[in-house]
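The values are calculated or read from the model by the stated rules, or taken from the named source; none is laboratory data. Since we're looking at a predicted model, the values are computed, not measured. With ideal geometry, Cβ positions are generated from the backbone for all residues, glycine too; neighbour counts draw on all protein chains shown.
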């Protein structure tokens, strides 16, 4: 790897590459190496995955450096096994193509892998940054145009910040109830 | 230093704890309830996914080996965070044999003998039947798809005041509108009015037997914001102990107590059931929903309403047929699962098979409003086993709130796997028919199977070899310790279990009151119930109603 790359840079770009594999987004600029660019719009990285992983409430912040080291170690071994020559100017996991990043994460999170629980946690919080923006208030996330909530089409709250849906039902009977239903509305 | 004493010490304030607290307190006993979680009420229930809001404060998510459990963690327990679906268990459930080759339920209990107790809980909560005008778009869609496949579909009985419900679908964070009739509206205020004391953020660790036959209960204070932190603790002595900490915690407390109490029945921490639960996520083809099912919301949309509603409102009960073989009987219930807690497990069709990550999953997420989640509740094989307990609580806590790693292992047998496969195929048959949707099950690779209804880890039965409790819910070999939560239920129920857990707790009460009398407690059982028409909601001491 390039000798000018600091440990903090390695940590950031490696975790971003991991997050982008869980929920991919588009490159922030043409030179973006962390984001593979296999999807349009914002992904987990743009949704704040790194902020999420550094949120003390998650309980995984202290373990991030070792996870980064282990992930790059696994990437090196994976590349050697597959005969892939890695670009040494970036961390090994970042040097992998998207499909190889995804294949490696599936290996690490598969039942029986001894480190599975750590990788599942990392994936879980990356996904949460995208689908629920749990590192910031949902109202702030909506006000900021959070990429994940926008992507899933999360409906806006009412003016008081609460969700209410006046229209919620087709108001029709669509099916016959089971013939054995009891008077209490339960199965017999 | 003086020793604190009480007549009855109850561990946990969910269904099993609240019902016990009500009857023992109204009967005249001094009742103390220790609840591990915080005491929350309407103004505390947030519409906010931020870590630290009620969405994480009120929950406990414990990942095990092959099974993860989501459960309530607050005063009122699961009733505060659940979806309030309250069907009775079908008749055949009580005749199940599972893998032990003989009836698992005690001879004294079947649907007929339990029905009067179901009736009591149903009037106290109260449980209501829904009309089709109450049914959310998601429920309507599921009913229409069932009908299209020649199936029936039922509105599910619920503990919801639909007049107050806003269909916000935030009920897993606690109901801000007081529409969900949790235990904060019936049994718990009734218990407190009769003198029961509830102490939140008190996590019971272990029990110790006293020379007089009573028990000393050891607890730790849990920090109100960071549950990883405990700040001292204490003990309370009681003549009777009722464990109702939930099926993921009750056996752990007993295992940890074994050094001082002596050997536990073999079934403590064994025969755990995840209630056979499994989830499928369908992506609805909006055009086909309109063309085939005739769905039209009136605003140009056919469906696109995943976010709107109130949890499960429609279930398919066609396979709740006692003439079918065991492990082929299940219900299929439409459900809402909010972001954060399960989206990662939903699978998209990928080039190399189903995938929970990557660009195919991202495309699936773009269609999130067209998701329909189907909850399968099959008959599993009670294959869960708890390993050695962690140093405190029921898990090694990872996150400030909610997330921990626990000692449960669950390796599904071919019976359970076959039941899930049959239910998966049935869901596909209903929803992929005529191109209405594409559907896949959630992956079990990441956190194992996923249950929101843990059961059976300390179950009742007639056979001491396979049940921890007798049919009066007393722990075998440890008189004066009773268990009234979901861990007492012998096996998976094929429907949502809250009403059955509660009916069993109601049924156990006359016997527990008699046991309390035998231990010198001045208490009687008069069969009264909280009146939903006159009971005022439970409020944390020192607070006033929002409307005051």
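Couple of notes before you dig in:
- Counting only strands (runs of 3 or more DSSP E) wholly contained in the range B:405-502, the ones carrying 3 or more residues that are modelled with pLDDT of 95 or more and within 23 Å of the chain's Cα centre (by Cα) occupy B:481-483.
- Boolean, residue B:283 is buried (at least 24 other Cβ atoms within 10 Å of the Cβ) and in contact (Cβ under 8 Å) with a residue 60 or more places away in the chain: no
- Pairs linking a residue in the range B:360-387 that is closer than 24 Å to residue B:136 by Cβ and within 14 Å of another protein chain (Cβ to nearest Cβ) to a residue that is part of a strand (DSSP E or B) and modelled with pLDDT under 95, with Cβ atoms under 9 Å and 6 or more positions apart or on different chains, are B:364/B:349.
Table: residues versus (1) more than 22 Å from the chain's Cα centre (by Cα); (2) crowded, with 18+ Cβ neighbours inside 10 Å; (3) more than 9 Å from chain A (Cβ to nearest Cβ); (4) under 26 Å from residue B:456 (Cβ atoms).
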site: B:97; (1), (2), (3), (4): yes, no, yes, yes
site: B:102; (1), (2), (3), (4): yes, no, yes, yes
site: B:107; (1), (2), (3), (4): yes, no, yes, yes
site: B:124; (1), (2), (3), (4): no, yes, yes, yes
site: B:140; (1), (2), (3), (4): yes, yes, no, no
site: B:163; (1), (2), (3), (4): yes, no, yes, no
site: B:169; (1), (2), (3), (4): no, yes, no, no
site: B:174; (1), (2), (3), (4): no, yes, yes, no
site: B:183; (1), (2), (3), (4): no, yes, yes, yes
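- On the stretch given as the range B:374-392, residues that are touching a helix residue (DSSP H, G or I) at 6+ places or on another chain (Cβ under 8 Å) and either assigned to a strand (DSSP E or B) or surrounded by 21 or more Cβ atoms within 10 Å (Cβ to Cβ) (or both) total 9.
- Some residue of the range B:52-67 being outside any strand (DSSP E or B) and within 21 Å of residue B:486 (Cβ to Cβ): yes
- Of all residues in the range A:39-92 being over 17 Å from residue A:128 (Cβ atoms) and within 12 Å of chain B (Cβ to nearest Cβ), the one that is surrounded by the fewest Cβ atoms within 10 Å (Cβ to Cβ): A:62
- Scanning the range B:393-404 for residues that are more than 29 Å from residue B:493 (Cα to Cα) and either outside any strand (DSSP E or B) or at pLDDT below 95 (or both) turns up B:398, B:399, B:400, B:401.
- Top-ranked residue in the range A:1-31 [being over 17 Å from residue A:129 (Cα atoms), out of contact with any helix residue (DSSP H, G or I) (no Cβ under 9 Å at 6 or more places or on another chain) and surrounded by 14 or more Cβ atoms within 10 Å (Cβ to Cβ); ranked as nearest to the other protein chains (Cβ to nearest Cβ)]: A:27
- Within the range B:284-299, considering residues that are outside any helix (DSSP H, G or I) and more than 12 Å from every other protein chain (Cβ to nearest Cβ), the one nearest to residue B:166 (Cα to Cα): B:284
- Single residue of the range B:25-55 satisfying the filter (out of contact with any helix residue (DSSP H, G or I) (no Cβ under 8 Å at 6 or more places or on another chain) and modelled with pLDDT under 95) that is surrounded by the fewest Cβ atoms within 10 Å (Cβ to Cβ): B:43
- Among the residues listed as B:37, B:16, the single one being farther than 23 Å from residue B:279 by Cβ and under 13 Å from the mean Cα position of the chain (by Cα): B:16
- Members of the range B:314-330 found to be farther than 18 Å from residue B:432 by Cα, crowded, with 24+ Cβ neighbours inside 10 Å and facing chain A (nearest Cβ under 9 Å), listed by number: B:314, B:317, B:320
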